[in-house]
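In what follows, a structure is listed as structure tokens, so that the remarks can point back to it.
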Amino acid sequence: MNAPWHAFGFCTQMPHMAPGEKLSEVEFLKQLAAYQWESIARMLHRKPSEIANDQGDRLYGSVIDVELHFARRHGLEAFGEDAAVHVRNRVNLYAKKFVEGLFVIDGQEISDSAVATIKTRDDLATLPYSWAAMTNAFIARNGGNAKLKVFKPAGIDESGIEPMKRTPDGIRWQGQVQATGEIAPLGDVDGIELRDRRPLERILYQIVPESDLNGAGLVYFARYESMMNYGERNFLCHHLHVPVSSELVACLSTEHRRAFFFANAVATDQVEIRVSARAFPPDRFEAPEMSGGYRTPLKFEFRIDLYRASDRVLMASSLVRKALNVPGNSKGVSLEASRLLRAIS
């Protein structure tokens, strides 16, 4: 397979940012998905809006899984306002209905030689760059958001595109997670379990059509991560014996996320968010290599599962490692982190 590596990029501005003057993971995932859909359109030699099945139904690139990993020298804080974000993306077709995409991410332009040896997702982890992987299925709406069907794009049989022979990791892993509930660990270091003092109290999120639905009327995959962030904040602020402040939650910065998507929802539904968490004291991790006076007194790992509240159908599952990157002038948050660490140790 000799699929080309396409070059993309943008300059971080306020629409891309989250509180704390850092790149928003949710907005960044939207950007990566847009780049991947553009790469898919180039592979199919048509405009993104022209991708359809043999019956003429518009096809969309439903995300099956996404994995996002930031290098120690990066972190979301490294991509603050006016920062350059350079992305290389390559896509390959599988079974004529799915696409695997690989991304290399950096603050400088990424050369052809830097990506020349990358063949699989495992190869990404050997690089000194930040990276991501995403798997898409070509889907059409079949009577509503709860009934999405996978199709081949029209003309794919005659396109001459050489499909992948191996099953993409995202497809294999998504099936395993859905069947077993188990997500491969993000590391081998044990954390301290954060006990839920209100385990019977459900965390519910009401879908907001104006922000959660995309142009196709589907709940967009990046908004699933936004719901997960909402669940994490609710868990930390309201479900711990020693609750934390919103200021501390705002300092959380994604380092590594694996997320898997199984079902969509209608605009009037609610989403039930189930959260479990572990904390890592500073003697159990390497601190990020960041400038700007940040310190990292704690890290967290969250397991989040999203269910449709109407019928308890599993919508998505994610495992994410986040660093508590505290600016040097936020002494209150540093003290709060110390109190939390003493309380859970």
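Summary of computed values
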item: Within the range 132-208, trypsin sites (Lys or Arg not before Pro) in DSSP loop having at most 14 other beta-carbon neighbours inside 10 Å; result: 147, 165, 166, 195, 197, 202
item: Helix-only CD estimate at 222 nm, as mean residue ellipticity for the chain, using -39500 (n - 2.57) per DSSP H run (n ≥ 4); result: -7000 deg cm²/dmol
item: Per residue Cα convex hull volume in Å³ - calculated over the range 1-168; result: 123
item: For the chain, size of Cβ-based charge dipole, Lys and Arg +1, Asp and Glu -1, in debye; result: 600
item: On Cα atoms only, tilt of 331-344 relative to the major axis of the chain in degrees; result: 90
item: Burial ordering of 341, 306, fewest other beta-carbon atoms within 10 Å first; result: 341, 306
item: Cα long-axis angle, helix 221-238 against the chain (0 to 90 degrees, to the nearest 10); result: 10
item: Normalised contact order of the chain, rounded percent, pairs of Cα under 8 Å and 6 or more residues apart; result: 18
item: Within the range 307-345, trypsin sites (Lys or Arg not before Pro) in DSSP loop having at most 14 other beta-carbon neighbours inside 10 Å; result: 312
item: Computed magnitude of the charge dipole of the range 258-345 (debye, nearest 20; Cβ of K, R +1, Cβ of D, E -1); result: 260
item: Rg/Rh ratio calculated on Cα atoms of the range 139-198 (Kirkwood radius); result: 1.17
item: Rg/Rh ratio calculated on Cα atoms of the chain (Kirkwood radius); result: 0.96
item: Cβ-based charge dipole, the range 1-168, positive-most Cα from 95, 120, 11; result: 95
item: Principal-axis tilt of helix 169-180 within the chain, Cα atoms, nearest 10 degrees; result: 60
item: Centroid-to-centroid separation of the range 11-75 and the range 169-209 [C-alpha atoms, Å]; result: 23
item: Loop chymotrypsin sites (Phe, Trp or Tyr not before Pro), the range 44-120 (other Cβ atoms within 10 Å of the site Cβ: 14 or fewer; DSSP); result: none
item: D (Stokes-Einstein, µm²/s), Kirkwood Cα radius, the range 40-107, 1.567 mPa s at 4 °C; result: 88
item: The range 186-345: equivalent-ellipsoid semi-axes (sqrt of 5 x gyration tensor eigenvalues, Cα, Å); result: 29, 17, 14
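Computed from the coordinates by the stated procedures, all read-outs in this text should not be read as laboratory data. Computed from a predicted model, the values in this text were never measured in an experiment. Every residue, glycine among them, receives a Cβ derived from its backbone with ideal geometry; neighbour counts consider all protein chains shown.
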